[in-house]
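The values are calculated or read from the model by the stated rules, or taken from the named source; none is laboratory data. None of the values given here were measured: they were computed from a predicted structure. Using ideal geometry, Cβ is built from the backbone for each residue, glycine included, and neighbour counts are taken over all protein chains shown. Note: areas computed on protein heavy atoms with side chains; ligands, DNA, RNA excluded. Shrake-Rupley method; radii C 1.70, N 1.55, O 1.52, S 1.80 Å.
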Amino acid sequence: MTKLYQNYIDGQFVADSTDVVGVFNPATNSLLANIPDSDEAMVARAVEAARRAQPGWEKLPPIVRAGYLRQISAKLREHRLDLAGIIVREQGKTQQLAQVEVDFTADYIDYMAEWARRLDGEIITSDRANENIFLFRKPIGVVAGILPWNFPFFLIARKMAPALVTGNTIVIKPSEETPINAYEFARLVAETDLPRGVFNLVGGLGKSTGEALVLHPDVGLITFTGSVATGSRIMQTAARNLTRVNLELGGKAPAIVLADADLDLAAKAIYDSRVINTGQVCNCAERVYVERGAHEGFVNRLEKHFRDTRYGDPSERDDLQMGPLINQAALDKVSTLVEQARRDGATVLTGGKVADLGQGFHYEPTLIVDARRDMNIMRKEIFGPVLPIQVVDSLDEAIELSNDSEFGLTSSIFTRNINSAMQAARELRFGETYINRENFEAMQGFHAGRRKSGIGGADGKHGLLEFTETHIVYLQA
Ligand code: NAD
């Protein structure tokens, strides 16, 4: 019989009578498990548990809160192989990348726990002789974390760890595409001493569970990672209660390759960026601007990488570079964008069609040249293993094209000239720029998008502060 997972609320797994949602393996389209489609009453129960637990949690010294976080990270490490296996099956990641995700998640929780002794406020000079002005950083209260499916396990930690170390409690809603890893995360949390109600998990669809969470008046902050369309809708819904939002949305990262670049490095980094997680990564290169002098050498190198890609069902083999896309809708979207590009005059050098593996949602690694700025393939988020390339005649042109986007998450440049690198750092209007390296953010950095890529950010000190609000105290004595 297919397993039905149960929500984790107030330190208990809750049997529930609501509708269920099926979870499928994208490599085979076979049913893995069911989860509840939690309704308004179930969501209210979770938020109420988090609200009741919060004042006691806030009163604990931060270092004690950090101790509970470290118990959780230790549990994740203990079960690292099983957890990676679950991510492989429900999300379609390669085994290697799933393991990286689990290990990085545990490290991230420890990193955020380290902030316990570093959380501070400010003392501000007063105009009065007998007064001190203190600025405290206080928790917001109950945080709702709404997650996407592409790094489903890591995103739990990116929401939970900074929320908890700063004294908030949390209700997590995983993506309906990839909730099993989150239920397993909750099972491990239940084995720690974390006080009940501090971490809660409710599964379900966006329009039922997600909406109910966003609308709940006792939620103080909604931290969301996902698409621009959903982020925009959440912001509108949250406006009813003036609930704060932190939105990590889509990207269309440009990669600039200048004629003086190390082409082996550029081709490998940009190729990896396109096949990692089957191109379903918000910060990875989605379009390339290559200087005319480097075009041929760069494309030749890339073409070899694309043709040699090992892809398939990642549960079957541990040496794959790429698994399936997440679902049929993703496969249709990628296919449509490539077809449009072809019709608009681009040249497909490799791939360009659904992979014939008999089952699942596989797309061939696809390299496209002769792309132009007006094509959808250069403007819309592809979120698949497809790389379009446009030739440019100067760095100025590349920067102008890069900035001409509704997205502003990440960007990259490959050059051996420090002046070119610094010009790009000054003029690229993105939250992040990677110079001569792969697109991958550090936990101590600050991952934040401009324009439609989001509001606020995550990671590091600045990400941590998003989970706090200020309280200013005037002490006259
Ligand atoms: P999505 O927007 O479809 O869904 C994300 C979550 O929102 C899911 O849990 C879903 O159930 C929920 N949801 C849907 N409608 C809702 C509503 N009306 N109210 C409340 N919740 C609702 O996104 P996705 O397809 O899961 O993720 C892919 C997208 O995420 C891509 O655009 C990608 O770029 C983006 N992403 C961004 C970052 C970042 O850090 N900026 C990281 C990862 C993914």
Response to the item:
Under the helix-only model (-39500 (n - 2.57) for each DSSP H run of 4 or more, divided by the residues of the chain), the mean residue ellipticity at 222 nm, to 500 deg cm²/dmol, is -12000 deg cm²/dmol
Worksheet item: Between segment 385-418 and segment 31-83, what is the C-alpha centre distance in whole Å?
Response: 41 Å
Worksheet item: At q = 0.23 Å⁻¹, what base-10 log of I(q)/I(0) does the Debye formula yield for segment 261-303 when every alpha carbon is treated as an equal point scatterer in vacuo?
Response: -0.76
Worksheet entry | Alpha-carbon Debye profile of segment 154-309, log10 I(q)/I(0) at 0.15 Å⁻¹ | -0.86
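What's the extension gain from GLU131 to HIS462 if we count 0.36 nm per residue and subtract their Cα-Cα distance?
So the extension gain works out to 116.2 nm.
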Fill in: Protein-only accessible surface order, largest first, of PHE24, PHE407 at 1.4 Å
PHE24, PHE407
Worksheet item: What's the extension gain from GLU438 to ARG118 if we count 0.36 nm per residue and subtract their Cα-Cα distance?
Response: 112.2 nm
Worksheet, complete the sentence: Taking 0.36 nm per residue of separation between ALA239 and LEU31 and subtracting their Cα-Cα distance, the length gained on full extension comes to 71.2 nm
Discussion item. Leaving out ligands and nucleic acids, and using a 1.4 Å probe, what accessible area per residue does segment 253-442 come to in Å²?
Written reply: 40 Å²
Item to complete: Could you run the Karplus curve 6.51 cos²θ - 1.76 cosθ + 1.60 with θ = phi - 60° over segment 84-100 and give me ³J(HN,Hα) per residue in whole Hz, x for Gly and Pro?
Response: 4, x, 5, 5, 4, 6, 8, 10, x, 5, 5, 4, 4, 5, 4, 5, 4
Worksheet item: To the nearest 10 degrees, how steeply does helix 418-427 sit against the main Cα axis of the chain, on a 0 to 90 scale?
Response: 60 degrees
Fill in: segment 397-438 - Rg over Rh from alpha carbon coordinates, Kirkwood radius
0.93
Worksheet item: Expressed as an acute angle from 0 to 90° and rounded to the nearest 10, what is the orientation of the C-alpha long axis of helix 152-165 relative to the principal long axis of the chain?
Response: 40 degrees
Worksheet item: Plugging the Kirkwood radius over Cα pairs into Stokes-Einstein for the chain, at a temperature of 20 °C and a viscosity of 1.002 mPa s, what D comes out in µm²/s?
Response: 92 µm²/s
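As an exercise, use a Förster radius of 41 Å and the Cβ-Cβ distance of ARG426 and VAL473 to find the FRET efficiency, rounded to the nearest 0.05.
Details: r = 40 Å, r/R0 = 0.97.
For R0 = 41 Å, the calculated efficiency reads 0.55.
Label segment 242-316 by shape, choosing from rounded, prolate and oblate, from the square roots a ≥ b ≥ c of the eigenvalues of the Cα gyration tensor; if a/c is under 1.5 it is rounded, and otherwise prolate applies when a/b is larger than b/c, oblate when it is not.
oblate
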Worksheet item: For segment 445-477 and segment 136-188, what is the separation of their Cα centres, given in Å?
Response: 17 Å
Worksheet item: Excluding the sites themselves, what is the longest stretch of the chain that contains no GluC sites (Glu not before Pro) in a DSSP loop with at most 15 other C-beta atoms within 10 Å?
Response: 1-190
Worksheet item: For the chain, which whole-number percentage of the solvent-accessible area (1.4 Å probe, protein heavy atoms only) is attributable to carbon and sulfur atoms?
Response: 49 percent
Discussion item. Using only the alpha-carbon atoms, how far is helix 180-190 inclined from the longest principal axis of the chain? Give it as 0 to 90 degrees, nearest 10.
Written reply: 30 degrees
Worksheet item: Average projected area of the Cα convex hull of segment 334-477, in nm²?
Response: 13.4 nm²
Practice prompt. Along each of the three principal axes of the Cα atoms of segment 97-144, give the extent in whole Å, ordering the values from largest to smallest.
Written response: 59, 22, 14
Worksheet item: In square angstrom, rounded to the nearest 10, how much accessible surface does ASP264 have for a 1.4 Å probe?
Response: 100 Å²
Fill in: Cα centroid separation - segment 275-323 against segment 192-267, whole Å
26 Å
Worksheet item: Convex hull over the Cα atoms of segment 7-148, averaged projected area in nm²?
Response: 12.3 nm²
Fill in: Stokes-Einstein diffusion coefficient of segment 253-442, Kirkwood radius over Cα pairs, 37 °C, 0.692 mPa s, in µm²/s
200 µm²/s
Response to the item:
Projected onto their principal axes, the Cα atoms of segment 209-279 stretch, largest extent first, over whole-Å spans of 55, 21, 18
